[in-house]
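All remarks here apply to the structure that follows.
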Amino acid sequence: MQIENHKTDILILGTGGAGLFAALHAKKANPALKVSVAVKGLLGKCGCTRMVQGGYNVALSSGDSVERHFMDTIEGGKWLPRQDLAWRLVEGAVERVRELENEIGCFFDRNPDGTLHQKAFAGQSFDRTVHKADLTGIEIINRLMEQVRALDVEEMEEHRAIELVPAVDGSGIAGVLFIDMRRGTYRFVQAKAVLLATGAGPTMYRYHTPSGDKTCDGLAMAMRYGLSLRDMEMVQFHPTGLLGGPDTRMTGTVLEEACAARAAGCSMATATAS
C-alpha cells in the first residue's frame, strides 16, 4: 500500500466554528506558520455550526450579567456542568460575539437604536440570544470561511482522518493518517501540532438532529491513541425535530423551537375547543 507524505506546522481536524476559529487565530498569531485544515466533506458545508438556527447566548444588555448567564447555564444543566468551564464559556461569549461582529464581519440583527437584537430562548432568564434571523450558523460559518481563505490556510477537503500517528520516541503525535476520498489514496500528514475539532458522534443513534457527518471519528481516534475522554454520556440533541416515519429522510431533521411552540399552541387550542 502506497502512502503519500505531506508536511505542515499546525494541522486542524474539523472545519466547524471551532476549527476555523483556531486556524484564523493561529495564522494571525504567526503568518509564517503553515496551517492546514482537514475536513471529510467540503469546507463550510460540514459540521454542526452551520446548522445553528437560533443564535448565540451572551450577556450584553443592561439588567443582564455574566453572573446571571452563568447561573442559567448551571441550573439548566441540573448542576452537572463543570463550573470553571461554564464560567469560561459565558465570560468568553462577550468577547467572542464582539469579535464575530467587528473582526469577522457577521451581520447580526439589530434593534432600531442600533444595539444588537437579542431574543428569548429556552433556559434563559433574560433575552440574550444574538442572532441573524434564523440563519445564525450560516452567517457565522460563511464569514469565518471568508476570513480563513484570505489568510492562505491550506484546505484539505474530502480527507477523512482515520488514525493519530504517535512519534517514534513517544513524545507526542507525529501526524495523522487520512484517506483522500477524491482520489482513493492514503495520505500521511506530518505536523508539529494537531488540533482535534471534530465534534462528537450523535449519528450512533437512530434519530438525531446534528449534522450527519458527526460520526465519532475524532473521539474514536483519540481513544485508540490513549487519550482520556470524559462526560461521554452527554450527547447533545436539538430539543425539537421531525419524526416523519421510516420511509422519509426528514426523520431527525431539526425543527425550530418557535415553530414547535406554535404547533403545540395550536394543538392545545384545538384540544380546548374540542
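List of remarks:
- Qualifying residue in region 203-210 (condition: closer than 20 Å to GLY19 by Cβ and at pLDDT 85 or above): no
- Qualifying residue in region 176-186 (condition: farther than 22 Å from GLY41 by Cα and of a type in the set (A, V, I, L, M)): no
- Sole residue being within 17 Å of the chain's Cα centre (by Cα), surrounded by 15 or more Cβ atoms within 10 Å (Cβ to Cβ) and over 18 Å from SER36 (Cα atoms), chosen from GLY201, GLY241: GLY201
- Set THR251, THR215, THR272: member being hydroxyl-bearing (Ser, Thr, Tyr), part of a loop (DSSP other than H, G, I, E, B), modelled with pLDDT under 75 and closer than 30 Å to ASP134 by Cβ: THR251
Each row is one residue, and each column tells you yes or no for (1) small (Gly, Ala, Ser); (2) within 13 Å of the chain's Cα centre (by Cα); (3) under 25 Å from ASP134 (Cα atoms).
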{"residue": "THR8", "(1), (2), (3)": "no, no, no"}
{"residue": "THR15", "(1), (2), (3)": "no, yes, yes"}
{"residue": "LEU33", "(1), (2), (3)": "no, no, no"}
{"residue": "LYS45", "(1), (2), (3)": "no, yes, yes"}
{"residue": "GLN53", "(1), (2), (3)": "no, yes, yes"}
{"residue": "LEU60", "(1), (2), (3)": "no, no, yes"}
{"residue": "ASP64", "(1), (2), (3)": "no, no, yes"}
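- The test for being hydrophobic (A, V, I, L, M, F, W, C), free of Cβ contacts under 8 Å to residues at least 60 places away in the same chain, at negative phi and in contact with a Leu (Cβ under 9 Å, 6 or more places away or on another chain) does not hold for ILE179.
- Test for SER171: is it farther than 16 Å from ASN5 by Cα and without any contact (Cβ under 8 Å) to a residue 24 or more places away in the chain: yes
The values are calculated or read from the model by the stated rules, or taken from the named source; none is laboratory data. What you see is a predicted model, and the numbers here were worked out from it, not measured in a lab. Because the Cβ atoms are built from the backbone with ideal geometry, glycine has one as well, and the counts that use them run over all protein chains shown.
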